[in-house]
Amino acid sequence: MPLTRTLTAAAATALLLTATACGSGSAGSSGGGLNPPRLKAPSKLGRAEGQVDLVAWAGYVEDGSNDPKADWVSSFEKSTGCQVHSKVAASSDEMVKLMKTGEYDAVSASGDASLRLIASGDAAPVNTSLVPNYRDIFPDLKMQPWNSVKGTAYGIPHGRGANLLMYNTAKVHPAPDSWSAVFDDAAAHRGHVTAYDSPIYIADAALYLRATRPELKIKDPYALDQKQFDAAVALLKKQNRSVGEYWGDYLKEVSAFKSGDSVVGTTWQVIANLAASEGAKVKAVLPKEGSTGWSDTWMVSARAKHPTCAYKWLDWIVSPKVNAQVAEYFGEAPANAKACAHTSDKGFCTTYHAADTAYWKRIAFWNTPIQQCLDGRTDVRCVPYARWVQAWTEIKG
């Protein structure tokens with residue numbers, strides 16, 4: 001399936017002007033400084049409305065039309081009477097734009113979109129008691145800075161993944177254990193380094209600088225003051241001289257590693273698995289500095305026309321068997337702790353570190369950079385995401 005999490009830079013700036021003016025809380029607390037519109041979650045559900053309109057990543061809402069073996073929509077429709085209409089979004093920015101139309105009931109938002117939807121009032125608080133399967137979600141996915149504000153949940157965690165370092169085992173020696181392989185030491189493989197094509201990748205550089213340049217005092221790679229931001233941008237401009245290709249389409253990265261055009265760069269576990277299965281001599285590791293990553297959340301529109309069916313979908317998609325199906329099909333760790341007992345590959349949850357709390361503590365999940373620093377600082381302003389978008393264009397030249 002077409003795994004895509006790319007960001008459309010041309011559209012991003014306008015979409016972010018509102019959200020980046022808002023505050024946010026410290027990383028590790030639940031959106032402490034963000035002040036979204038006062039909206040209420042429903043206290044109970046009514047009768048099913050007969051349909052639900054969804055915006056989702058490719059591979060999240062499958063009805064068998066793409067792959068006969070991947071169908072968790074048909075059984076949902078049969079059991080609830082809610083007919084599913086879904087729109088695949090190619091980027092977080094497209095998701096935000098679509099949700100602003102009010103034509104969709106729910107969205108599978110990543111952390112680089114969720115705060116925008118909360119701040120703008122497009123996403124409503126979620127009553128988790130109306131989602132019975134929420135009780136089995138891994139605790140470290142609940143009430144996080146990207147899916148809650150001041151103790152109020154704004155969605156149901158769906159799955160998560162880490163951005164890893166992949167390298168060609170025949171051409172990269174010694175085996176790298178640090179992001180220095182694609183930053184300070186990138187020139188060793190000039191023209192064969194690959195990087196994720198998105199403004200959010202600036203956080204990867206910031207995470208590396210957090211470990212290697214302590215004088216910058218970076219605490220949160222999504223909360224960068226001007227000096228910290230300039231350092232991350234400078235590092236990426238230097239890296240650009242060694243980058244052969246920026247990737248957003250997973251198939252292009254697989255092809256590049258198979259051909260030898262790319263020998264080291266950022267990846268996802270599912271891509272590494274696929275590349276290896278197709279003969280590429282690759283290995284993926286979580287570097288010693290830790291990494292960035294994503295945690296997706298199903299959020300309900302504040303203007304949902306079919307709220308009952310939306311809640312039924314939220315509960316269905318994180319039910320153990322279905323969450324296991326989606327996780328294996330998409331290639332990510334499931335959110336429901338009971339899902340691991342239902343994966344067809346009994347080693348799947350071990351490979352994807354589903355229950356490895358220590359592993360996930362090393363991941364800085366995508367969040368939306370805004371002016372009020374996410375790390376809690378109040379004496380400076382942080383660089384908002386609209387500026388990240390502008391800088392990304394400059395970085396790529």
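The values are calculated or read from the model by the stated rules, or taken from the named source; none is laboratory data. Just so you know, these numbers come straight off a predicted model, no measurement behind them. Don't worry about glycine lacking a Cβ; one is built from the backbone with ideal geometry, like all the others, and counts go over all protein chains shown.
Where helices (runs of 4 or more DSSP H) sit wholly within region 292-358, those with at least 1 residues that are closer than 28 Å to residue 49 by Cβ and of a type in the set (Lys, Arg) occupy 307-317, 320-330.
Criterion first (over 30 Å from residue 255 (Cβ atoms) and over 22 Å from the mean Cα position of the chain (by Cα)) does residue 147 satisfy it? Judged against the criteria, residue 147 is not a match.
Evaluate region 369-384: report whether one residue or more is within 17 Å of the chain's Cα centre (by Cα), closer than 25 Å to residue 288 by Cα and either modelled with pLDDT of 95 or more or not hydrophobic (A, V, I, L, M, F, W, C) (or both). Scanning region 369-384, I find at least one residue that is within 17 Å of the chain's Cα centre (by Cα), closer than 25 Å to residue 288 by Cα and either modelled with pLDDT of 95 or more or not hydrophobic (A, V, I, L, M, F, W, C) (or both), so the answer is yes. Within region 316-346, being more than 20 Å from the chain's Cα centre (by Cα) and acidic (Asp, Glu) holds for one residue alone: 345. Scanning region 77-133 for residues that are over 18 Å from residue 365 (Cβ atoms), basic (Lys, Arg) and outside any strand (DSSP E or B) gives 78, 97, 100.
Filtering region 191-204 for residues that are under 15 Å from residue 111 (Cβ atoms), of a type in the set (Ser, Thr, Tyr) and in the same structural domain as residue 300 (by TED's automatic domain parsing) leaves an empty set.
Scanning region 275-308 for residues that are among the hydrophobic types (A, V, I, L, M, F, W, C) and either on the phi > 0 side of the Ramachandran plot or surrounded by fewer than 19 Cβ atoms within 10 Å (Cβ to Cβ) (or both), which turns out nearest to the chain's Cα centre (by Cα)? Among those residues, the one meeting the criterion is 286.
Look at region 33-58 and say how many of its residues are surrounded by 21 or more Cβ atoms within 10 Å (Cβ to Cβ) and either in a loop (DSSP other than H, G, I, E, B) or among the aromatic types (Phe, Trp, Tyr) (or both). Count: 3. Of everything in region 359-371, what is in a loop (DSSP other than H, G, I, E, B) and in contact with a helix residue (DSSP H, G or I) (Cβ under 9 Å, 6 or more places away or on another chain)? Give them in sequence order. Scanning region 359-371 gives 361, 366, 367, 368, 369, 370, 371.
Taking first residues from region 120-146 that are free of Cβ contacts under 8 Å to residues at least 24 places away in the same chain and partners that are not polar (S, T, N, Q), the Cβ contacts under 7 Å between residues at least 6 apart in sequence or on separate chains come to 142/157.
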